[in-house]
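Novice: The structure that follows is given in the form of structure tokens.
The values are calculated or read from the model by the stated rules, or taken from the named source; none is laboratory data. No experiment lies behind these values; they were computed from the predicted model shown. For neighbour counting, all protein chains shown are included, and Cβ atoms are generated from backbone atoms with ideal geometry for every residue, glycine included. Only protein heavy atoms, including side chains, enter the accessible area calculation; ligands, DNA and RNA are left aside. Shrake-Rupley method; radii C 1.70, N 1.55, O 1.52, S 1.80 Å.
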Amino acid sequence: MSNQKKRNFQIEAFKHRVVVDPKYADKTWKILEHAIHEIYNHNASGLSFEELYRNAYNMVLHKFGEKLYNGLVATMTSHLREISKSIEAAQGDSFLEELNRKWNDHNKALQMIRDILMYMDRTYIPSTHKTPVHELGLNLWRDNIIHSSKIQTRLQNTLLELVHRERTGEVIDRGLMRNIVKMLMDLGSSVYQEDFEKPFLEVSAEFYRGESQKFIECCDCGDYLKKAEKRLNEEIERVTHYLDSKSEVKITNVVEKEMIANHMLRLVHMENSGLVNMLLDDKYEDLGRMYNLFHRVPNGLSTIREVMTSHLRETGKQLVTDPERLKDPVEFVQRLLDEKDKYDSIISNAFNNDKTFQNALNSSFEYFINLNARSPEFISLFVDDKLRKGLKGVSEEDVEIILDKVMMLFRYLQEKDVFEKYYKQHLAKRLLSGKTISDDAERSLIVKLKTECGYQFTSKLEGMFTDMKTSQDTMQGFYASHLELGDARTLVVQVLTTGSWPTQPGVTCNLPAEMSALCEKFRSYYLGTHTGRRLSWQTNMGTADVKATFGKGGQKHELNVSTYQMCVLMLFNNAERLSYKEIEQATEIPAADLKRCLQSMACVKGKNVLRKEPMSKDIGEEDVFFVNDKFTSKFYKVKIGTVVAQKESEPEKQETRQRVEEDRKPQIEAAIVRIMKSRRVLDHNNIITEVTKQLQSRFLANPTEIKKRIESLIERDFLERDSVDRKLYRYLA
């Protein structure tokens with residue numbers, strides 16, 4: 001193939017020049033100008049829009065775009081000046097109506113003009129960076145109408161006056177307001193903000209400042225909050241009807257600041273109607289309203305919370321320290337539960353279940369419940385009362401609710417081990433006397449305690465139930481091996497494991513001969529079936545049923561008494577009169593217990609199976625006792641309780657406290673060793689912090705006691721002090 005030279009072809013334009021009539025532009029513009037006048041004068045029906053579009057198209061095509069654009073600006077400006085005069089002339093309410101009517105006309109005209117000049121809008125305007133026709137029409141309306149010296153201020157004042165009239169209860173034309181405000185928004189956000197929103201917010205702030213001052217002087221707190229809520233809702237409604245949605249936040253901020261934020265402290269502390277009065281009178285609706293309104297302002301909820309906490313701590317402190325209220329432990333705990341229920345209900349119904357309020361409530365209860373050192377004892381007594389008789393006939397669900405409430409108070413206790421001590425004593429009495437109303441309820445509470453504090457806390461309590469079950473089996477075995485005793489089970493023994501029960505040092509008591517022989521038989525049987533065990537009788541914890549015949553009529557009763565009371569009564573089978581000294585010598589019951597025992601049988605009306613001389617409420621060492629032949633009761637079975645203080649006496653309290661302190665020592669030492677074993681080296685302050693943290697689920701460890709335990713561990717070579725820094729401890733493996 002031969003190489004051919006490449007050739008470049010070029011097509012040239014026609015040399016023929018198009019000649020345009022010099023007067024073409026003026027003629028065409030006259031046609032278009034006339035059309036614009038006709039459109040503004042509402043005579044557009046006779047116009048040919050196709051022809052007009054072609055004329056505008058040709059003008060742009062023949063490079064007369066600038067003439068067309070400038071002519072449009074001049075013509076529209078001229079019409080708008082005429083419109084401005086017409087609007088200015090409108091009087092009273094017709095001012096806004098005229099403005100609205102002319103605005104609608106201008107928009108329709110603008111639409112038609114834009115259609116005619118569409119080609120200019122698409123080609124000439126983008127290439128010369130001029131303002132598009134529709135936007136140009138809006139800008140000209142803004143400059144010639146809205147920002148006209150005679151209209152601008154008048155429009156602003158008219159709009160603000162209408163808002164004010166509506167606030168004072170008048171009905172206004174909201175549709176017209178919406179149209180005018182929409183016009184301002186269409187002209188650009190800056191026009192709406194500068195010409196209306198900014199002055200509107202300023203006037204509103206002034207209005208609500210004055211109104212709030214007037215309200216707060218004449219209303220109570222509840223009424224004031226209702227008015228504030230009403231005003232807030234009105235402003236939100238106003239925005240939805242005729243303002244820009246973005247104005248809602250701004251106007252609500254104004255109302256919140258002027259009506260709520262500026263008066264918060266005065267409202268919550270208002271005499272006879274403030275927050276404290278609302279809490280005292282359970283005014284859920286007012287409290288809910290206060291919460292919702294204060295929620296909207298900075299530091300609003302913290303103000304409510306602080307006042308509530310302060311009031312709660314004050315009333316709680318009075319509740320737990322008032323000597324009158326401490327007389328009845330059950331009533332004391334019930335008051336605490338009622339107070340907790342009350343505030344739970346307030347937080348749930350009025351404060352939207354706010355967690356911060358719940359936390360404030362919990363910290364307040366923890367604060368004042370621990371102001372009274374006897375709170376653990378009283379809570380245990382409350383449980384004791386409920387599980388003995390208070391829950392009789394109550395459904396399982398309600399029992400669970402009551403136990404859950406008790407657990408809630410238990411969580412607030414710093415000295416949970418003190419509660420455990422008392423609870424163990426009370427549980428022992430319930431189990432041994434058979435007075436618990438429900439084993440299920442007892443076990444349910446132990447499960448709750450176990451969940452809260454762990455296995456170690458409840459292991460001994462569970463051991464008590466195990467002993468009761470084992471004792472039943474033991475008694476069956478005893479009677480099966482002693483058939484000579486017959487079916488009448490005269491003796492029922494509960495064998496208690498020393499570590500699990502709150503047993504006391506062996507207290508001697510001389511049992512009647514009949515009982516003594518039977519007890520000896522049981523001892524022989526038990527030690528014969530269990531090797532390596534030792535039995536010691538806890539006569540102070542037992543009960544007995546004694547059959548008695550009174551007077552010449554031979555009235556018979558079965559008396560349910562304590563072991564001590566039985567020992568005393570059996571003495572009267574062989575003697576008609578016995579002095580206190582003789583009874584004490586024969587039974588060897590400790591003096592304090594003997595006096596209580598005699599007091600319950602000789603001084604309690606309706607239970608006085610004995611009489612004494614001289615008659616008095618107290619037992620004296622010179623008193624003489626004899627059987628009350630005139631004793632009667634409508635019941636065959638008569639329970640004679642022991643006169644005993646429901647609460648501990650001062651010496652007993654000291655003794656319990658001492659036992660608790662002793663029990664804490666090994667727990668503190670164990671915690672120190674655990675911490676040091678993992679950390680190896682630790683300074684004094686950190687040991688104190690860590691030990692307190694580890695033990696807080698059981699009790700609040702005393703730093704002085706922790707220090708003593710550290711010293712003890714150093715003496716026993718578990719720890720050593722650092723040779724350089726004496727505050728540093730090392731673990732010795």
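Novice: Between a first residue in segment 338-350 that is within 9 Å of D282 (Cβ to Cβ) and a second residue that is crowded, with 19+ Cβ neighbours inside 10 Å, which pairs have beta carbons less than 8 Å apart while being 6 or more apart in sequence or on different chains?
Specialist: From segment 338-350, the pairs are I346/L279; I346/L287.
Novice: Among the residues of segment 620-635, are any part of a helix (DSSP H, G or I) and at pLDDT below 85? Walk me through how you get there before you give the answer.
Specialist: From segment 620-635, those part of a helix (DSSP H, G or I) are none; that's our starting set.
The answer is no, given that none of the residues of segment 620-635 is part of a helix (DSSP H, G or I) and at pLDDT below 85.
Novice: Considering each of E237, E258, E271 in turn, give the residue that is over 27 Å from the mean Cα position of the chain (by Cα) and over 27 Å from G175 (Cα atoms).
Specialist: After ruling out the rest, the residue left standing is E258.
Per-residue answers, yes or no, for (1) over 27 Å from S149 (Cβ atoms); (2) of a type in the set (V, I, T):
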residue: A89; (1), (2): no, no
residue: E97; (1), (2): no, no
residue: D105; (1), (2): no, no
residue: I116; (1), (2): yes, yes
residue: M120; (1), (2): yes, no
residue: Y124; (1), (2): yes, no
residue: S127; (1), (2): yes, no
residue: P132; (1), (2): yes, no
residue: L138; (1), (2): no, no
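Novice: Still on this structure: Suppose we keep only residues that are aliphatic (A, V, I, L, M) and surrounded by 19 or more Cβ atoms within 10 Å (Cβ to Cβ) within segment 42-76. Which one would you say is nearest to the chain's Cα centre (by Cα)? Working first, answer last.
Specialist: So the first thing to find is which residues in segment 42-76 are aliphatic (A, V, I, L, M), and the list is 44, 47, 52, 56, 59-61, 68, 72-74, 76.
In the following step, the residues that additionally are surrounded by 19 or more Cβ atoms within 10 Å (Cβ to Cβ) were identified as 52, 56, 59-60, 68, 72, 76.
Numbers: L52: 75, A56: 74, M59: 77, V60: 74, L68: 73, L72: 69, M76: 67 Å.
Taking the candidates together, the pick is M76.
Novice: Right, next: Of the conditions (1) in contact (Cβ under 8 Å) with a residue 24 or more places away in the chain; (2) over 17 Å from K257 (Cβ atoms), F207 clears all except one; give me its number.
Specialist: (2)
Novice: Just give me the residues in segment 536-563 being aromatic (F, W, Y) and touching a residue at least 60 places away in the same chain (Cβ under 8 Å), in sequence order.
Specialist: In the first step, residues of segment 536-563 are kept if they are aromatic (F, W, Y); the result is 537, 550.
If the condition is that a residue be aromatic (F, W, Y) and touching a residue at least 60 places away in the same chain (Cβ under 8 Å), then F550 is the only one that fits.
Novice: Hey, among the residues in segment 29-41 that are assigned to a helix (DSSP H, G or I) and open to solvent by 80 Å² or more (accessible area, probe 1.4 Å), which one's farthest from T128 (Cα to Cα)?
Specialist: Among those that are assigned to a helix (DSSP H, G or I) and open to solvent by 80 Å² or more (accessible area, probe 1.4 Å), it is H34.
Novice: Those residues that are outside any helix (DSSP H, G or I) and open to solvent by 40 Å² or more (accessible area, probe 1.4 Å), I need them from segment 215-232; list them, please.
Specialist: Here is the first cut: in segment 215-232, the ones outside any helix (DSSP H, G or I) are 219-220.
D220 - this is the single residue of segment 215-232 that is outside any helix (DSSP H, G or I) and open to solvent by 40 Å² or more (accessible area, probe 1.4 Å).
Novice: Specify the residue that is modelled with the lowest pLDDT; the eligible residues are those in segment 9-28 that are among the aliphatic types (A, V, I, L, M) and surrounded by 10 or more Cβ atoms within 10 Å (Cβ to Cβ).
Specialist: Top of the filtered list is V20.
Novice: Condition check: of a type in the set (D, E, K, R), in contact (Cβ under 8 Å) with a residue 40 or more places away in the chain and open to solvent by less than 70 Å² (accessible area, probe 1.4 Å). Does E235 satisfy that?
Specialist: Considered against the rule, which asks whether it is of a type in the set (D, E, K, R), in contact (Cβ under 8 Å) with a residue 40 or more places away in the chain and open to solvent by less than 70 Å² (accessible area, probe 1.4 Å), E235 comes out as no.
Novice: Considering segment 77-129 alone, what residues qualify as being farther than 30 Å from G175 by Cβ and buried (at least 17 other Cβ atoms within 10 Å of the Cβ)?
Specialist: Hits for segment 77-129 are I116, L117, Y119, M120, D121, Y124, I125.
Every residue, every condition in (1) basic (K, R); (2) touching a Gly at 6+ places or on another chain (Cβ under 7 Å); (3) outside any helix (DSSP H, G or I); (4) on the phi < 0 side of the Ramachandran plot, yes or no:
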{"position": "R664", "(1), (2), (3), (4)": "yes, no, no, yes"}
{"position": "A670", "(1), (2), (3), (4)": "no, no, no, yes"}
{"position": "V673", "(1), (2), (3), (4)": "no, no, no, yes"}
{"position": "S678", "(1), (2), (3), (4)": "no, no, no, yes"}
{"position": "E690", "(1), (2), (3), (4)": "no, no, no, yes"}
{"position": "R726", "(1), (2), (3), (4)": "yes, no, yes, yes"}
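Novice: Among the residues that make up segment 147-154, is at least one of them open to solvent by less than 30 Å² (accessible area, probe 1.4 Å) and either in a helix (DSSP H, G or I) or among the basic types (K, R) (or both)? So that I can check it myself, show each step before the final result.
Specialist: Residues of segment 147-154 that are open to solvent by less than 30 Å² (accessible area, probe 1.4 Å), as a first pass: 148, 151.
Going one step further and asking which of them are either in a helix (DSSP H, G or I) or among the basic types (K, R) (or both), we end up with none.
Looking through segment 147-154, none of the residues is open to solvent by less than 30 Å² (accessible area, probe 1.4 Å) and either in a helix (DSSP H, G or I) or among the basic types (K, R) (or both).
Novice: Give V276, V297 a once-over and let me know the one that is part of a loop (DSSP other than H, G, I, E, B), modelled with pLDDT under 95, aliphatic (A, V, I, L, M) and crowded, with 16+ Cβ neighbours inside 10 Å. Talk me through it step by step, then tell me what you get.
Specialist: On the way: V276 fails: part of a loop (DSSP other than H, G, I, E, B).
Answer to the check: V297.
Novice: Look at segment 412-450 and say how many of its residues are of a type in the set (D, E) and closer than 17 Å to F378 by Cα.
Specialist: Counting residues in segment 412-450 that are of a type in the set (D, E) and closer than 17 Å to F378 by Cα gives 3.
Novice: Among (1) closer than 30 Å to K340 by Cβ; (2) open to solvent by 10 Å² or more (accessible area, probe 1.4 Å), where does V203 come up short?
Specialist: (1)
Novice: Hey, another quick one. Of everything in segment 238-267, what is under 16 Å from Q193 (Cβ atoms) and open to solvent by 40 Å² or more (accessible area, probe 1.4 Å)? Give them in sequence order.
Specialist: Hits for segment 238-267 are S245, K246, E248, V249, K250, N253.
Novice: Select from segment 400-438 the residues that are open to solvent by 50 Å² or more (accessible area, probe 1.4 Å), free of Cβ contacts under 8 Å to residues at least 24 places away in the same chain and either in a helix (DSSP H, G or I) or among the aromatic types (F, W, Y) (or both) and list them in ascending order.
Specialist: Of everything in segment 400-438, just one residue is open to solvent by 50 Å² or more (accessible area, probe 1.4 Å), free of Cβ contacts under 8 Å to residues at least 24 places away in the same chain and either in a helix (DSSP H, G or I) or among the aromatic types (F, W, Y) (or both), namely I401.
Novice: Also: Filter segment 371-399 down to the residues that are in a helix (DSSP H, G or I), surrounded by fewer than 16 Cβ atoms within 10 Å (Cβ to Cβ) and under 26 Å from the mean Cα position of the chain (by Cα) and list them by number.
Specialist: Result: E397, D398.
Novice: Pick out the one residue from S204, S212, S245 that is in a helix (DSSP H, G or I), within 28 Å of Q152 (Cβ to Cβ) and polar (S, T, N, Q).
Specialist: The match here is S204.
Novice: Quick check on segment 142-157. Is at least one of its residues closer than 23 Å to K63 by Cα and touching a Phe, Trp or Tyr at 6+ places or on another chain (Cβ under 8 Å)?
Specialist: We begin by selecting, within segment 142-157, every residue closer than 23 Å to K63 by Cα; these are none.
Taking every residue of segment 142-157 in turn, none turns out to be closer than 23 Å to K63 by Cα and touching a Phe, Trp or Tyr at 6+ places or on another chain (Cβ under 8 Å).
Novice: So how many residues does segment 657-672 have that are of a type outside the set (D, E) and crowded, with 17+ Cβ neighbours inside 10 Å?
Specialist: Adding up the residues that qualify gives 6.
Novice: Within the set of pairs 6 or more residues apart or between chains, which connect a residue that is closer than 13 Å to E194 by Cα and in contact (Cβ under 8 Å) with a residue 40 or more places away in the chain inside segment 149-164 to a residue that is buried (at least 17 other Cβ atoms within 10 Å of the Cβ) and charged (D, E, K, R) with Cβ atoms less than 8 Å apart?
Specialist: The qualifying pairs are Q152/D195; L155/D195; Q156/D195.
Novice: Applying the selection to segment 311-320, what residues are open to solvent by 70 Å² or more (accessible area, probe 1.4 Å) and either at pLDDT 95 or above or more than 17 Å from the chain's Cα centre (by Cα) (or both)? Working first, answer last.
Specialist: Narrowing segment 311-320 to residues open to solvent by 70 Å² or more (accessible area, probe 1.4 Å): 313-314, 317-318.
Of everything in segment 311-320, those that are open to solvent by 70 Å² or more (accessible area, probe 1.4 Å) and either at pLDDT 95 or above or more than 17 Å from the chain's Cα centre (by Cα) (or both) turn out to be E314, K317, Q318.
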